[in-house]
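One structure below.
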C-alpha cells in the first residue's frame, strides 16, 4: 500500500470529525439564541444513548400564518422577540419574506431535528422526572442557536432556569 | 482432518515414503495460517469497537465537553499512528485489529459529536459520513471477519438511508413501489459487482470471498422470501409497473457477465448461479405483473425449486456441507407444505398423496444419482469464491 494513500486514508476520518466539531462551534458562536417551551417523554437511542424526546410548544399564531408544511423548505417560522429570555411570538411566513420582516427565521424543514436532547445514562431517570414536572409548569425551555440561513442547533435545555447539561457550559 | 495421522496412514499403506511424508508435513506447517489468532484478534477488535460505541452511548457525565473531544481526537490520532506503523512494519495482525477498532471509533466519534452538540439530524446522515470516510482505511483489512464487519456497516448505512428516503418520498403508492423495486435491483447489481472488481478479488481475496458469499446468501434468502408474494392476491394498485423492466434489464446484464464475475468457477456452477438469479427475477416479475388471486401452493413449490437450484449450485462449487444443509431445508419445506395446504378432506388427501409421490420420486432420484454424485464430489471442485 502506498505511503501517501495510507496517510490520506487515516487522516480522512479524523478531518471529518474535526470539521464536525468546528462547524458546530461556529454555529453556536455565530447563531442567535432563541428559547422555546417544550413538552415530552424519555426513550433511548441505541447509537447515541439516552435522550429526552420532546415536542416544541411554539404558541404559534396560526391565523397569521401564510404557508403550511406542504410547502416544505419554502415555509419558515417568523420569530418576533418578546421579553428577555422568553419565547418569541411565532407565525409562518414564506422564507423569502421572513428574512426582511422578522427578528429571526427558522426554516420549518428543520423542526423535526428539534425533538430530542441527549442526557447522561446515570441521570436519565432523575432528569426525566425533573423534565416532566418542569414541562407541566411550562418551565422546560429549549435554547436554540439559529444561524442566518434559518438552521437551528440546540444550545441547552433548561428546567426551572437551570441548564441540565451543566458540564457542557 | 488430522494431517499427521493421515500422513502416517498413507506411509503405512505404502502410498508415500518417510521423506515425502516429512516434506508434506513441512509444507503444510509453513502454509498454515494462524486462523485462531486472526479470529480472536478480529473478535477482540469488534468487541473493543462496540465497547467504545457503548461508552459513548452512555453519554458519560463526569468529563466536560472539551476533555471529551480532546480525548476522542487523541485516541483517533493514536489509532492512526498505530495503524500506520503496523502497516509499514508489515505487522498484518496488528493493522487488522487496529483498523477494526478505528472503524468503530469513527462511528463512536460521530455519535459523540451528535450527543455533545445535540444534533437532531437523522441517524442515516452520521452513518453515511461514517461509511464514506472509512472506505479508504477499510481497504487495509484482509480477514473475513473484518470484511464481514465492513459489509455489515455498509448495508446498515444503505438500509437506514433507504428507509429515510422512502419515508420522505411523498409519492403515490405505485411510484414508491417502483422506486423501491428499482432501488433493490440496482443495489443488488452494485453489491454483486463490487467484490468481483479485479483489484478487490486479487488483493483482498478473503474479503472479496466473504462479501460474495454473504451477498449470495442475502440474494437467495430474499428470493425465498419474495415467493411469499404468491401467498397474497395481487390487486391493481399492488403492481409495480415500469420498474419490472429495470429488474429484467439488471438481471439480464448480471446473467450475461456472470462468467466474467466468477472466472475460476466451474461452468456448471456458473449455470447454477444464472439459474438462481434468473429464477428469482422471473418469479418476481410473473408474480407481480398481473392481478391474480392468492396461490400459496405455487409459492411453496417455487421456494422448493429455488432451494433445489441453490443446492445444485453449491454442489458444483464443492460446498458439500452447505449442500447438505440445503437438502435438509428442502425436506423441511416439503414437510411444512403439507401442513400449509391442509383444508377439506379432499384437498388434504390430494395434497398428501401428491406430496408423498413427489417425496418418493425425489428419494428415488437421490438413490439413483448418489453414486454419480459421490464420484463427482470426490473430484474436488474448485471453489468459485
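With only Cα atoms counted, chain B has Rg and Dmax values of 25.8, 76 Å. Full extension of the chain between residue B:321 and residue B:175 gives 48.3 nm of extra length, using 0.36 nm per residue less the Cα-Cα distance. Expressed as a whole percent, how much of the Cα-Cα distance distribution for the protein assembly as shown exceeds 33 Å? That tail contains 60 percent of the Cα-Cα pairs.
Between residue B:3 and residue A:15, what FRET efficiency comes out of the Förster formula 1/(1 + (r/R0)^6) with R0 = 51 Å and r the beta carbon distance, rounded to 0.05? Taking R0 as 51 Å, the efficiency between residue A:15 and residue B:3 is 0.55. In this simple spin-label model, placing a label point 7 Å from the Cα along the Cα-to-Cβ direction at both residue B:235 and residue B:91 gives a separation of 6.5 nm.
Mean residue ellipticity at 222 nm from the helices of chain B, using -39,500 (n - 2.57) per DSSP H segment of n ≥ 4 over the full residue count, to the nearest 500 deg cm²/dmol?
Numbers: 15 runs with 303 residues, N = 385.
Calculated mean residue ellipticity at 222 nm is -27000 deg cm²/dmol.
Between 0 and 90 degrees, rounded to the nearest ten: what's the tilt of helix A:124-136 against the longest Cα principal axis of chain A? With rounding to tens, the tilt is 20 degrees. In vacuo Debye scattering of the stretch B:76-133, one point per C-alpha: log10 I(q)/I(0) at q = 0.18, 0.19, 0.21, 0.27 Å⁻¹? For the stretch B:76-133 at q = 0.18, 0.19, 0.21, 0.27 Å⁻¹, log10 I(q)/I(0) is -0.65, -0.70, -0.78, -1.01. Label-point separation (nm) for residue B:24 and residue B:77, each offset 7 Å from Cα along Cα-to-Cβ? For residue B:24 paired with residue B:77, the spin-label model returns 5.7 nm.
When N is the residue count of the stretch B:133-213, what does its C-alpha Rg come to as a fraction of 2.2 N^0.38 Å? Before the final figure, lay out each step's value.
Details: Rg = 15.2 Å, N = 81, 2.2 N^0.38 = 11.7 Å.
Dividing the Cα Rg of the stretch B:133-213 by 2.2 N^0.38 Å gives 1.30.
Look at the alpha carbon pairs under 8 Å that are at least 6 residues apart: their mean separation over the length of chain B gives a relative contact order of 12 percent. Considering the stretch B:182-264, its Cα convex hull presents a mean projected area of 6.1 nm².
Neighbouring Cβ atoms from other chains, within 10 Å of the Cβ of residues in B:105-116, number 6 on average.
Would you mind putting B:174-180, B:251-257 in packing order, based on average other-beta-carbon counts within 10 Å, highest first?
On the way: B:174-180: 16.7, B:251-257: 15.0.
Ranked from most to least packed, the peptides come out as B:174-180, B:251-257.
Each peptide in B:317-325, A:8-16, B:353-361 gets a packing score, the mean of other Cβ atoms within 10 Å over its residues, and the list from highest to lowest is A:8-16, B:317-325, B:353-361.
On average, how many beta carbons from a partner chain sit within 10 Å of the beta carbon of a residue in A:16-25? Don't skip to the end; give the middle numbers.
On the way: counts 9, 12, 4, 1, 11, 9, 0, 2, 6, 3.
That average works out to 6.
For residue B:197 and residue B:352, the FRET efficiency from 1/(1 + (r/R0)^6), where r spans their Cβ atoms and R0 equals 56 Å, is about 0.65. With each label modelled as a point 7 angstrom along the Cα→C-beta vector, the residue A:32-residue B:218 pair spans 4.7 nm.
Taking B:265, B:351, B:111 as the candidate residues, the one with maximal mean-square fluctuation in a Gaussian network model of chain B, Cα springs under 10 Å, is B:351.
Read the figures in this text as sums done on the coordinates, not as results from a lab. Note that the structure is predicted; figures quoted are calculated from it, not measured. Virtual Cβ from ideal backbone geometry, glycine too; neighbours counted across all protein chains shown.
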